[in-house]
Amino acid sequence: MHIRKQRLLTPGPTPLYPPALHAMMASDIHHRTEDFRQVYRACLADLKEVMGTAHDVLLFAASGTGAMDAAVSNLFSRGDKVVVCSAGKFGERWAEIAKAYGLEADVLTVPYGEVVTPRQVAEALERQPAAKGVFVQASETSTGAAHDVQGMAAAVAQTGAIFVVDAITGLGTMPLDIDRWGLDVVIGGSQKAFMIPPGLAFMSVSPKAWKLADSATLPHYYFNLKKEKKSGDAGESSWTPATALVLALAEALRYVKRLGMARLIENAQLLALATRAAAAKLGLELFAPGSPGSSVTALKAPAGLDSGVIVKEFRSRFGAIIANGQGSMKGKIFRIAHLGYFDFADLFATIAALEIILNANGHPVPYGAGVAAVQETCAHAMAAPAAV
Ligand SMILES: *Cc1c(COP(=O)(O)O)cnc(C)c1O
């Protein structure tokens, strides 16, 4: 009661993998030395391996948005026609970046909680045959919805456009077959399923995207994909890298490789499945019931209860930080994260705490009803033969 451990239960930053955190203490290292080049090379190679791609992978000292910005400023020219899929706050970010750089964006907007369909993308590309790019979120973290990236990719691949995927919470929570599906640019961030603090972003770049870079004329300086590729080939970054984070990333990637990306994904999927089962038992509605993703589950607060109260009570009663809704969803939904270093014990605690909070705020639920649903999912998964 009186001791409240701080628990970070948000979809970014996520709980840290302790050995990665400890690795950061060795950052009294210079970045233009062979010792550091070894670590940097390992990060690039391991990122390629866990992302499952033969494409080039680049690393940036930035939060995820930096890599989104870099994708636009390096691959496009002012006035280029593009298609933006916007299903939430992060889709809106693509539209804002495109606008900031003077691209002509056809923005396919769907209500929060819904998704843009491959059919809509195909139709937009028919309307706009000269489109140079299509932008999407694999997982729209603000609503908990996941896009049919494979279906969209099939439509994009038949055109001259490149497919740019913000997979910042998609990587490690859903299968993404970058090379076979035709995902030209795939962006990830350190503070999501990669279990380390914010500050690193990475990006895979396909040959089709590199070709577009050759004719792109937008100005850029710090984020220079070609320069970064050249530096990376030499085991270095173009500028002073975030050395502590690179050390952490190397450690976290060793763990993800040992675990296997498929198991990391399955872990998030099982936690999401269990959370949905618990929500049903507690009478809580999903915010994105049509295509719920596995990075985060967005739940509607019960009628008459502001989701901000639930968020506040998690903090005041249990020291736990969970995510409120963003923008106009604030106060209406709360979000339970599953990506990266989350396990079933975390979820038992989260749902047990939620039951106490609901009961204390005028929404009686039977104690243990949600927890039992999580336990059943867990026990069932443990009894089943390993899926991977
Ligand atoms: C976290 C996140 C980002 C990046 O946000 P930063 O604050 O720049 O790291 C982008 N897209 C999605 C879908 C995200 O979840």
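Does the range 341-356 include one or more residues that are touching a residue at least 40 places away in the same chain (Cβ under 8 Å), assigned to a loop (DSSP other than H, G, I, E, B) and aromatic (Phe, Trp, Tyr)? Looking through the range 341-356, at least one residue is touching a residue at least 40 places away in the same chain (Cβ under 8 Å), assigned to a loop (DSSP other than H, G, I, E, B) and aromatic (Phe, Trp, Tyr). Among the residues of the range 7-49, the one identified as surrounded by fewer than 19 Cβ atoms within 10 Å (Cβ to Cβ), in contact with a Leu (Cβ under 7 Å, 6 or more places away or on another chain), at pLDDT 95 or above and part of a loop (DSSP other than H, G, I, E, B) is PRO15. Of LYS132, LYS192, LYS208, all but one fail to be in contact with a Lys or Arg (Cβ under 7 Å, 6 or more places away or on another chain), modelled with pLDDT of 95 or more and either farther than 28 Å from ASP35 by Cβ or within 11 Å of the ligand (Cβ to nearest atom) (or both); the exception is LYS132. The number of residues in the range 247-285 being in contact with a Ser or Thr (Cβ under 9 Å, 6 or more places away or on another chain) and assigned by TED's automatic domain parsing to the domain that holds HIS30 comes to 4. If the condition is being in contact (Cβ under 8 Å) with a residue 12 or more places away in the chain, of a type outside the set (A, V, I, L, M, F, W, C) and either away from the ligand (no atom under 16 Å from the Cβ) or not assigned by TED's automatic domain parsing to the domain that holds GLY52 (or both), then the range 176-189 contributes ASP177, ASP179, GLY182, ASP184. Contact map, the range 284-309: residues that are in a strand (DSSP E or B) paired with residues that are of a type in the set (Ser, Thr, Tyr), Cβ distance under 6 Å, separation 6+ or inter-chain. Pairs shown: VAL296/THR141; THR297/THR275; ALA298/THR143.
Here's the yes/no breakdown for (1) in contact (Cβ under 8 Å) with a residue 60 or more places away in the chain; (2) surrounded by 22 or more Cβ atoms within 10 Å (Cβ to Cβ):
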site: GLY64; (1), (2): yes, yes
site: VAL72; (1), (2): yes, yes
site: LYS81; (1), (2): no, no
site: ALA87; (1), (2): yes, yes
site: TRP94; (1), (2): yes, yes
site: LEU103; (1), (2): no, yes
site: VAL107; (1), (2): no, no
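Any residue in the range 291-298 that is over 30 Å from ALA372 (Cβ atoms) and under 21 Å from the mean Cα position of the chain (by Cα)? So far as the range 291-298 goes, no, none of its residues is over 30 Å from ALA372 (Cβ atoms) and under 21 Å from the mean Cα position of the chain (by Cα). Considering only residues in the range 236-260 that are in contact with an Asp or Glu (Cβ under 8 Å, 6 or more places away or on another chain) and of a type outside the set (A, V, I, L, M), the one that is surrounded by the fewest Cβ atoms within 10 Å (Cβ to Cβ) turns out to be LYS257.
So that you can scan it fast, the table gives a plain yes or no per residue for (1) touching a Phe, Trp or Tyr at 6+ places or on another chain (Cβ under 9 Å); (2) away from the ligand (no atom under 16 Å from the Cβ):
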site	(1), (2)
LEU8	no, no
LEU16	yes, no
MET24	no, yes
PHE36	no, yes
ALA42	no, yes
ASP56	yes, yes
VAL72	yes, no
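Given the conditions (1) of a type in the set (S, T, N, Q); (2) away from the ligand (no atom under 16 Å from the Cβ); (3) touching a Leu at 6+ places or on another chain (Cβ under 6 Å), and given that THR173 satisfies all but one, which numbered condition is not satisfied? With respect to (1) of a type in the set (S, T, N, Q); (2) away from the ligand (no atom under 16 Å from the Cβ); (3) touching a Leu at 6+ places or on another chain (Cβ under 6 Å), THR173 is out only on (2).
For the range 291-301, the criterion of being more than 19 Å from GLU376 (Cα to Cα), touching a Pro at 6+ places or on another chain (Cβ under 9 Å) and of a type in the set (Ser, Thr, Tyr) is met by at least one residue.
Is one or more of the residues making up the range 219-242 within 22 Å of the chain's Cα centre (by Cα), within 16 Å of the ligand (Cβ to nearest atom) and hydroxyl-bearing (Ser, Thr, Tyr)? Taking every residue of the range 219-242 in turn, none turns out to be within 22 Å of the chain's Cα centre (by Cα), within 16 Å of the ligand (Cβ to nearest atom) and hydroxyl-bearing (Ser, Thr, Tyr).
The values are calculated or read from the model by the stated rules, or taken from the named source; none is laboratory data. Keep in mind it's a predicted model, so treat the numbers as computed, not measured. Ideal geometry is used to build each Cβ from the backbone, glycine not excepted, and the neighbour counts take in all protein chains shown.
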